[in-house]
Amino acid sequence: MPFQSTRSKLALNDDELRTLRAISKSRTEPSGRVERAKILLEYYGGANISEIARNHNTNRPKIDLQIDKALQMGAIPSLDDIQRAGRTATITDDAKTWLISMACAKPLDYGYNHEMWTTALLAECARKRCEESGHPSLKQLSRGTVSKILTANVIKPHKMQYYLVRKDPEYEEKMNQVLLVYREVMVASAEDDPDALVAYISYDEKPGIQAIANTAPDLPPRKGNGSVARDHEYKRLGTVSLLAGMDLVTGEVVPLVRDTHKSSDFIDFLKIVDKKYATAARIKMVLDNHTAHTSKETRAYLETVPGRFEFVFTPKHGSWLNLVESFFGKLARVCLKGIRVASKAELVERIYRYIDEVNAVPVVYHWKYKMDEVTV
């Protein structure tokens, strides 16, 4: 005679059935909830305990426990773990607060040469000092417990997040002046006047571009190895600096590659720009306040071309306001990434050639951030 189970059948309404099916197929739910939902669906479908246990590669008591839990609490609530009382806490709240205050200080303050805490170091320090500080409950403190206490209070003394102090007292004013230039560019672009009396240039330098040579030839992709193969060894041939100005109306880039980026190099760049634009035009340049841009030598040159150039300086730590940085980012990703050359001269030639390609189909960069907040 077949065995007849005395356990009640699981009653599910349409909403519960729909929820269980969704959870059983989920890839984002915790695995425990997914497994329990499948168990309940199988039991609801008529499978016996032994069969369900075999399907989940587990034992009968586990299946019995889940089904009895669902019959008592309801199908959906039974998917979650029941909160247990657990062992009485031995670490007092005052001790946890003291530990957190320690984590918020520097290890140097406690006689360690570390710059930042680790959980092991913090546990060691707490164990040594807990009794004299009135917190003996930390005498057996482990690094795992330290981690749990810090995590519960969202304290991460082992990580560093950088912030920026605005050291320029005129930051907002200078930023507004730069944004005003971009507003003027918007107007000039809309007018599309070839004889415009103002040219707008976004200028900066990209120093330290390395000329690197291979010590063995690159191997082309081939069947079975679709990537370019390159030897790890390389040879440094020196560095060059790119001085570049981007016409904010046309998108054309004016380059000058030199070994340095001193005042004399910057003046040579200004002379190139001076020849490029009509004599009657005023050249307004957005640039940072690097010493080469404000040196006596540069000011002496500007006096020889009075009214020709107008410099609009970005604030300190405000290089993100300079649109030419977007071009430099593209240059690094497209032209300079992984580049190998036989000489510095070849590197210079390839940079100029890339910029010629860019200027053949120039891209005009449009500034949008905070443009509605510009004040005249």
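Taken together, the values in this text are just the output of simple stated rules run on the coordinates, not laboratory data. Just so it is clear, the model here is predicted, and its values are computed rather than measured. All Cβ positions, glycine included, derive from the backbone under ideal geometry; neighbour counts span all protein chains shown.
Some notes on this structure:
- Each other residue within a Cβ distance under 11 Å of ARG230 adds +1 if Lys or Arg and -1 if Asp or Glu, for a net charge of -2.
- Each residue in VAL146, VAL154 was given a count of other beta-carbon atoms within 10 angstrom of its own, and listing them fewest first yields VAL154, VAL146.
- Sorted ascending by nearby beta carbons within 10 Å, beginning with the fewest, MET73, MET175 become MET73, MET175.
- Exposure proxy order (Cβ contacts within 10 Å, fewest to most) of SER202, SER137: SER137, SER202
- A cut-off under 11 angstrom between Cβ atoms defines the neighbours of LEU219, and their net charge, with Lys, Arg +1 and Asp, Glu -1, is 0.
- Rounded to 5, the percent of DSSP beta bridges in the chain classed as antiparallel: 65
- Full extension of the chain between ASP231 and ASP93 gives 43.9 nm of extra length, using 0.36 nm per residue less the Cα-Cα distance.
- Each helix, a run of at least 4 DSSP H residues, gives -39500 (n - 2.57); summed and divided by the residues of the chain, these come to -12500 deg cm²/dmol at 222 nm.
- The chain - Rg over Rh from alpha carbon coordinates, Kirkwood radius: 1.20
- Pairs spanning more than 31 Å between alpha-carbon atoms, out of LYS235/LYS296; LYS62/LYS139; LYS167/LYS330: LYS235/LYS296; LYS62/LYS139.
- Less than 5 angstrom separates the built amide H of VAL312 from those of MET285, VAL286, LEU287, all sequence-distant by 5 or more or on a different chain.
- Principal-axis analysis of the Cα atoms of the chain puts helix 14-24 at an angle of about 60° to the longest axis.
- Alpha-carbon centroid distance for the pair segment 18-41 / segment 176-207, whole angstrom: 59
- Over the chain, relative contact order from alpha-carbon pairs under 8 Å, at least 6 apart, %: 13
- When its C-alpha radius of gyration is set against 2.2 N^0.38 Å (N residues), segment 110-191 gives a value of 2.13.
- All other residues whose Cβ lies under 12 angstrom from that of ALA103 are scored, Lys and Arg at +1 and Asp and Glu at -1, for a net of +3.
- Couplings 3J(HN,Hα) of segment 145-156, computed from phi: 5, 4, 4, 5, 5, 5, 4, 5, 9, 6, 10, 10 Hz, in residue order, whole Hz [Karplus 6.51 cos²θ - 1.76 cosθ + 1.60, θ = phi - 60°; x for Gly and Pro].
- Loop-located chymotrypsin sites (Phe, Trp or Tyr not before Pro) in segment 110-217 whose Cβ has at most 13 other Cβ within 10 Å (DSSP): TYR162, TYR163
- For segment 14-79, pairs of C-alpha atoms spaced more than 14 angstrom apart make up 54 percent of the total.
- Equivalent ellipsoid of segment 93-152: semi-axes from √(5λ) of the C-alpha gyration tensor, largest first, are 16, 13, 10 Å.
- Of all the options LEU41, LEU237, LEU287, the one that moves most in a Gaussian network model of the chain with Cα springs shorter than 10 angstrom is LEU41.
- Computed from phi, the 3J(HN,Hα) profile of segment 109-118 under the Karplus parametrisation 6.51, -1.76, 1.60 (θ = phi - 60°) reads 5, 10, x, 9, 8, 6, 7, 9, 6, 10 Hz, with x in place of Gly and Pro.
- GLU173/ASN359 FRET efficiency (R0 35 Å; Cβ-Cβ; nearest 0.05): 0.55
- Low-density loop cleavage sites - GluC sites (Glu not before Pro) in segment 67-159, where at most 10 other Cβ are within 10 Å (DSSP): GLU115, GLU132
- Alpha-carbon geometry of segment 245-368: the Rg and the Dmax are 15.3, 44 Å, given in that order.
- Considering only ALA199, ALA300, ALA70, the mean-square fluctuation computed in a Gaussian network model of the chain, springs between alpha carbons under 10 angstrom, is largest for ALA70.
- Between the helical axis of 119-129 and the longest alpha-carbon principal axis of the chain there is an angle of about 70 degrees.
- Size check on segment 158-199: the Cα extents along the three principal axes, sorted descending, read 58, 23, 12 Å.
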